[in-house]
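Below is one structure, written out as structure tokens; comments come after it.
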Amino acid sequence: RVLRLAHSRSIVCRGMAASRKGRGKGMGKSSGRGSKGAAAAGQEERSDHTLHFYSIDEVLSALQKAVRRGHARNAAFWAGELHVSGLTAIATKRLLIMTVEDVGIASPYAPFLAATAQALLLTMPEEAKSPNAGADSGGNSDSGADGAPVPPPAKPPPRLELVCGLARWVASLPKTRTSCMLSGFQRAKAEERHRCESDGPRAFRPCAVKDVVAALSSLYRTCVGELADFLAKPRRDDAAFLAAEEDVFLQAYMYQLGQKTEAEALEPMFEALGGAMRDEERRLKGSLPKLTGDLADLRPSAEDLLSGFAAVRKMVQDLQQLSVGSLESAARMVLSQALLLATRAHQLVLAGLIVVPGTRATSSASEGNELRPDDMPTLCAECRHLRLDGWALARRNTRVLARYARERSGPAAGAGAPVALHSEGFVRSELLGPSLGLVPRDLFACLLRPAEDAAARYLCIPPYCVDIHTRRGSGYPMHREWDDRIVSRNPALQEKLKTHGELDAQGRRMALQFGRYGLVVSDECFPGPSKPDFAMALHPADWEHFQAVVLPVAPLDHGEMFVDRRHFPEGYGPSWDASVLPASSARSTELFTGLSARTSETAGWVMEHSPPPEGGSYCLCSSWDRYANPSTPCDPYFTAAKTFMTWANENSFPSARDFPGGRLPKLLESTATSTIHDDPNGKRLTQAEQMFEMTDGAGQGMLAADAKRSAIDARPSTVTELHRVWMHELLRKQQAMGARGAVLAAQTAAALAPAQAPPTRGVAGGGRWGTAPDRGAAAAQVDADAAPAAAFVQSGASAAKAAPAPELASEAGDGAPESAAGAAGARRARWGRR
């Protein structure tokens, strides 16, 4: 692990050092780790902007917002901007985190395919320096050495194309942010239990791993039951399923609270989920022989269900590997995704989001991109036309994945075996090729221009990307640093490259309302039961205002509105190469026109290039226009989590006075530098971090400062740490009761034993001290009398309500039983021993 951390750190450091080179005069040279003069340079030499003078923080924020809103082409530009700035490792890692945080179980294969793209990127050779990118500070972007214009390359560099293609693909996927919101739901329900339910099975109490396994197994038995009955009538929107799923989530949360750190519970939780899913897989496999006679028609569906369930179980195992590797900073969300996969595995298969043998048999290369009638089972209530939503796109993506299934033979090809995918083949075919046909040519051309070219800044930063959730957290854009630092060192820039000026009133309002403008997602798809009744007892005082104003998110916006019209007045231009598009789908030369006015870029492209099934037509009613109507995400945990967060903000919960002694744990003194791996007593440095501390020293500029900062996804939650304090207080009380019960049990056992007379000399039939008395009957009586005390030790806190133990006499006599200490003292007195 130390070597892996050091290797990833060195990649980031080399990329950031390379990004400093060639940025123009006066911007500071790359100092590298441990080089001379780094301490003297300090903050003045650090690079907090990209190659084309975008703020790194704002580019990262813009990339994530573009992915959430489905702005596929904008996401490709922001990822490419990070790549040409030497921040490729940061760009790919952020995209990998987005596959869990923003895409979630709506596209369950996304994390593993993104990890494959990340690995493929490392095997590609380094790109040769572009003649345009080599221009000196103040040089002409389109002029060579002799002043003649330098034509753009015939094709973008492969590494740049892969990074842009990965960002475009992630942004085009159906999404659900449930893996991110689930932890908030767990905190809300745990706080509700602590305040409202002091006793009973749903009380705030310690849990073990076996309790999580038992809750998940109970969900399988209750909500799935017999295989034939489940296939004949699946229980989709069932209140029993939602209640059982909530119990699984809260049992898992209670177990995490019982550990010293949040990270200590990761491995046992993953092992517990895997074990419960293996038991369910064996149960499903044992039900296959029963499908005979009239039930024989269900055999193919049952085999598909078993194969898909095995594939989901394999996903949970792979997520465990990612949680200690590339996704270590997002381990909390990775575990939430594993919980959702475990509870909704059957629904994922029935919804058509998992590649099964049946999907592979019916999928072909010619019709993989075409829509089918079963992709859109619901019709619009107003126009009765086909509604293309996230569900239809998710099923279509599954058929595309099925084309890359591997051939299997031998025992692995038996009934119920998971379908293996050729991940690298998918990445090379679906991420590299289509990028040239779906991404505007101007986008790649801008990324390949030199730093000071006025036409190199293709997009402007959206106002909602300058929010309090950026790393700086200032809520202000880059305009101040532009005037003070960048323009002063690069006089040729002046105002022509400024992304935006000071935010106006509307921009500041958007930047402050992260919950409204930052959580918007496009093409939402949440598989499984999604109509719960999570009535929150902890809700805001003004409930009507919360439902009408605070809860709904903002409408979507079009990515093209952020194109810099000073240099690109027409907006998005033509793609780099339209010939890479499938011939069957090239029905129009203009992409994303007309239909994209009311749909996402992905849905608009599918509508443009895929005819409606059976001669129907697509619904374009204004009632579900996400660009005009605010809406609330359809996942069942968003409302509960946001309700609790609003209540907590109104009541300033939690604060220092809520913790014992009125003091925050050291872990929360600086959440910006703490992670879920740190214990409550303070930050715990890993061996790699200690090594960096010794080699870097203090005051090494941005590298040393940022090395101590942790990603937002990895920072601890104040509510969770308060719950951990309460849980450990309960554990200490139970431990104290258990220790006191053990003492009482020992004293009771000794008190109930018959008093032994001192051995007598010369007793016939014995040795020197005579024959020992028969202890069989007495021992049996002691065991029977000590049973209540043993039960006290096992029951913990609940045994405190039992009848108190009898008073023990301090001295033997008057028929009172002698204690163990008193008996030992009497023997020492009789035989003259101290």
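Laid out as a table, the results:
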{"read-out": "Verdict on TRP647 being at negative phi and either in a loop (DSSP other than H, G, I, E, B) or over 28 Å from the mean Cα position of the chain (by Cα) (or both)", "value": "no"}
{"read-out": "Tabulated pairs, the stretch 49-60, first under 10 Å from GLU81 (Cα atoms) and outside any strand (DSSP E or B), second of a type in the set (Asp, Glu) and open to solvent by 10 Å² or more (accessible area, probe 1.4 Å), C-beta under 7 angstrom, 6+ apart or interchain", "value": "ILE56/ASP48"}
{"read-out": "Residue identified as of a type in the set (A, V, I, L, M, F, W, C) and closer than 22 Å to TYR109 by Cβ among LEU459, LEU438, LEU443, LEU447", "value": "LEU438"}
{"read-out": "Yes/no for LYS260 being of a type in the set (Lys, Arg), in contact with a strand residue (DSSP E or B) (Cβ under 9 Å, 6 or more places away or on another chain) and farther than 27 Å from ALA537 by Cα", "value": "yes"}
{"read-out": "Condition check for PRO540: open to solvent by 20 Å² or more (accessible area, probe 1.4 Å), at pLDDT 75 or above and farther than 27 Å from VAL103 by Cβ", "value": "no"}
{"read-out": "Residues within the stretch 162-185 that are open to solvent by 10 Å² or more (accessible area, probe 1.4 Å) and either β-branched (Val, Ile, Thr) or assigned to a helix (DSSP H, G or I) (or both), tallied", "value": "7"}
{"read-out": "Selection from the stretch 311-347 of residues that are under 21 Å from SER710 (Cβ atoms), among the hydroxyl-bearing types (Ser, Thr, Tyr) and part of a helix (DSSP H, G or I)", "value": "SER323, SER329, SER336"}
{"read-out": "Residue count, the stretch 273-301 (criterion: open to solvent by less than 20 Å² (accessible area, probe 1.4 Å) and either at positive phi or not in a helix (DSSP H, G or I) (or both))", "value": "1"}
{"read-out": "Qualifying residue in the stretch 31-50 (condition: open to solvent by 10 Å² or more (accessible area, probe 1.4 Å) and at pLDDT 80 or above)", "value": "no"}
{"read-out": "Contacts under 7 angstrom Cβ, first residue in the stretch 659-670 being within 16 Å of THR261 (Cβ to Cβ), partner in a loop (DSSP other than H, G, I, E, B) and of a type in the set (Gly, Ala, Ser), 6 or more apart", "value": "LEU667/SER674"}
{"read-out": "Only listed residue being modelled with pLDDT of 85 or more, more than 27 Å from GLN337 (Cα to Cα) and acidic (Asp, Glu), chosen from GLU101, GLU81", "value": "GLU81"}
{"read-out": "Subset of the stretch 581-632 (residues that are modelled with pLDDT of 65 or more, more than 14 Å from GLY70 (Cα to Cα), surrounded by 15 or more Cβ atoms within 10 Å (Cβ to Cβ) and polar (S, T, N, Q))", "value": "SER610, SER631"}
{"read-out": "Where a residue in the stretch 717-728 is without any contact (Cβ under 8 Å) to a residue 60 or more places away in the chain and its partner, wherever it lies, is assigned to a helix (DSSP H, G or I) and open to solvent by less than 40 Å² (accessible area, probe 1.4 Å), with Cβ under 7 Å and at least six apart", "value": "GLU721/LEU667; GLU721/LEU668"}
{"read-out": "Among (1) open to solvent by less than 40 Å² (accessible area, probe 1.4 Å); (2) of a type in the set (Val, Ile, Thr); (3) assigned to a helix (DSSP H, G or I) - the single one THR222 does not satisfy", "value": "(1)"}
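Condition check ((1) farther than 30 Å from ALA656 by Cα; (2) open to solvent by 60 Å² or more (accessible area, probe 1.4 Å); (3) modelled with pLDDT under 60) across all residues:
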{"site": "ARG724", "(1), (2), (3)": "no, no, no"}
{"site": "GLU729", "(1), (2), (3)": "no, yes, no"}
{"site": "ARG732", "(1), (2), (3)": "no, yes, no"}
{"site": "ALA736", "(1), (2), (3)": "no, no, no"}
{"site": "ARG740", "(1), (2), (3)": "yes, yes, no"}
{"site": "LEU744", "(1), (2), (3)": "yes, yes, no"}
{"site": "THR748", "(1), (2), (3)": "yes, no, no"}
{"site": "ALA757", "(1), (2), (3)": "yes, yes, yes"}
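The values are calculated or read from the model by the stated rules, or taken from the named source; none is laboratory data. What you see is a predicted model; the values in this text were computed from it and never measured. Here the Cβ is made from the backbone with ideal geometry for all residues, glycine too, and neighbour counts use every protein chain on show. The area values use the complete protein model at the heavy-atom level, side chains included, leaving out ligands, DNA and RNA. Shrake-Rupley method; radii C 1.70, N 1.55, O 1.52, S 1.80 Å.
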